[in-house]
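The values are calculated or read from the model by the stated rules, or taken from the named source; none is laboratory data. Computed from a predicted structure; not experimentally measured. Neighbour counts run over all protein chains shown; Cβ positions are idealised from the backbone, glycine included. Calculation scope for accessible area: heavy atoms of the full protein, side chains included, ligands and nucleic acids excluded. Shrake-Rupley method; radii C 1.70, N 1.55, O 1.52, S 1.80 Å.
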Amino acid sequence: TIDVEPDCSSTWHYSDPLTFRGVSEGIAQILQPLFNKYGIIPTYLINNVVLEDESSMKTFLHLQGKYELGAHLHPEFILPDKKYETYAGRKGVANSCFYPPAIEFEKIRNITLLFERMLGYRPTAFRAGRYSAGLNSMRSLRQLGYLVDTSITPHVCWNDASREKPVDFSLAPEQPYFLDHESLVREDKSGSLLEVPISIMTKRRNIFREMIVSGGGLRHPLRSHKTWWLRPYYSSTPQLLNIARRFISDHQGRDKAVLNMMFHNVEVIPGLSPYSHTNKDCRVYLRQLEDFFIFCRQENIQSVAISDLYHVFKK
């Protein structure tokens, strides 16, 4: 699952002037050919800044190979309560789940309609920018006909200064589950929206959760354990393979186990993200991807578009 953004800087600010090499080169010339080589079916989750760029839409409309296109919301860039009219030099820092429910619904609705207008059909897969999904986000997705969300990061509680309050996914399941209407981390097998969490593992199997008590009530949990992400750059190649092996081992009793790797399209071109600064960095990054895809082929791990998982798990 790949978050599709305009070209960025080392601080995630959008380029100024606004450019889209991460789409025209990063996806069309680098990533999709690599995916085609190994039979990988990516899901590109596109934000509205990219959706509004006609040249990027032409790239996707003519992209060769198998893939899925979905939506990715950074809420300050879209109506209502749109913060920026021009996007160059801006950075997505807002959290969708903290908008009033009616405003958040309209933002998700507007990116859905924009996607449909630019690409000719409605998306069925979604990821909230900055993983800032809440219960209302999920209600909005159900109402708008989405099948899959992939915003949740198991073992992680987001509790930095940029968030109005903690976004706690630390108890979320590692494997796909149909979301309960009243909890982001509880399964309801009769549910209509499938959550496909990002594949993250923790070293500690029994997580100790310290609770801060304030004013007679529990405020928020603190993370007290280290996490490893199925994500290039965040994890070395041996770590990526170890994460995959442990997921397969831990969930071997299930009919199917899912590995959900995530990254951004701009990470494969030098200087367009905080991660790959040089051509050498990009070669190492792409080598990580290729090594992981070779491992998948050797282990008979099948790649599917993320919305296809809805039908697999519903069955």
### Query
When the dipole is taken about the Cα centre of region 243-315, and only Lys, Arg (+1) and Asp, Glu (-1) are charged at their Cβ, what size is it in debye, to the nearest 20?
160
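Counting only Cα atoms, I'd like the Rg/Rh figure for region 75-121, Kirkwood definition for Rh.
Values: Rg = 11.4 Å, Rh = 11.4 Å.
My calculation of the ratio gives 0.99.
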### Overall form of region 79-203 per C-alpha gyration tensor (a/c, 1.5; a/b vs b/c)
oblate
### Binned Cα-Cα distances of region 234-289, short to long, each 10 Å bin given as a whole percent
22, 41, 23, 12, 1
### Task
With the full set of protein chains in place, find how many percent of the accessible area of the chain is carbon and sulfur; take the probe as 1.4 Å.
51
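With a/c under 1.5 counting as rounded, go ahead and sort region 63-146 into rounded, prolate or oblate using the C-alpha gyration tensor (a ≥ b ≥ c being the square roots of the eigenvalues; past the cut-off, prolate if a/b is larger than b/c, else oblate). If you can, show how the numbers build up before the last one.
Numbers: a/c = 1.70, a/b = 1.21, b/c = 1.40.
It comes out oblate by the Cα gyration axes.
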### Message
If I compute Kirkwood radius over Cα pairs in Å from the structure I just sent, which labelled value in (i) 20.0; (ii) 22.1; (iii) 21.3 lines up?
### Response
(i)
### Query
How much mean residue ellipticity at 222 nm does the chain get from its helices, if each DSSP H run of length 4 or more adds -39500 (n - 2.57) and you divide by all residues, to the nearest 500 deg cm²/dmol?
-8500 deg cm²/dmol
### Task
Please say if region 258-315 is rounded, prolate or oblate, where rounded means a/c under 1.5 for a ≥ b ≥ c the square roots of the C-alpha gyration tensor eigenvalues, and otherwise the choice is prolate for a/b larger than b/c and oblate otherwise?
oblate
### Task
Putting +1 on Lys and Arg Cβ atoms and -1 on Asp and Glu Cβ atoms, find which of 146, 44, 167 reaches farthest to the positive end of the dipole of the chain.
167
### Message
Among 238, 227, 282, whose Cα projects farthest towards the positive end of the dipole of region 227-290, with charges put on the beta-carbon of Lys, Arg (+1) and Asp, Glu (-1)?
### Response
238
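Using the Cα centre as the reference, give the magnitude of the dipole from point charges on the C-beta atoms of region 12-71 (Lys, Arg: +1; Asp, Glu: -1; all else neutral), rounded to the nearest 20 debye.
That gives region 12-71 a dipole magnitude of about 320 debye.
About the Cα centre of the chain, how large is the charge dipole given +1 on each Lys and Arg Cβ and -1 on each Asp and Glu Cβ? Please answer in debye to the nearest 20.
Numbers: 38 positive and 34 negative charges, 158 e Å.
Around 760 debye, computed over the chain.
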### Message
Could you tell me which residue out of 14, 307, 114 lies farthest along the dipole of the chain toward its positive end? Charges go on the beta carbon: Lys and Arg +1, Asp and Glu -1, centred on the Cα centre.
### Response
307
#### Entry: Calculated log₁₀ intensity ratio I(q)/I(0) where the Debye formula runs over C-alpha points of region 1-138, q = 0.09, 0.12, 0.18, 0.21 Å⁻¹
-0.25, -0.46, -1.03, -1.35
### Query
Separation of region 17-88 and region 97-146 by C-alpha centroid, Å?
17
### For region 293-307, 3J(HN,Hα) per residue [Karplus equation, 6.51 cos²θ - 1.76 cosθ + 1.60, θ = phi - 60°, Hz, x = Gly/Pro]
5, 5, 4, 4, 5, 5, 8, 6, 8, 8, 9, 9, 5, 5, 5
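Kindly report the accessible area of the chain per residue (heavy atoms of protein chains, probe 1.4 Å, no ligands, DNA or RNA), in Å². Kindly include the intermediate steps, with their values, before the conclusion.
Details: 14190 Å² over 315 residues.
Heavy-atom SASA per residue in the chain reads 45 Å².
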### Sum of side-chain charges, residue 44 neighbourhood, beta-carbon under 13 Å (Lys, Arg +1; Asp, Glu -1)
-1
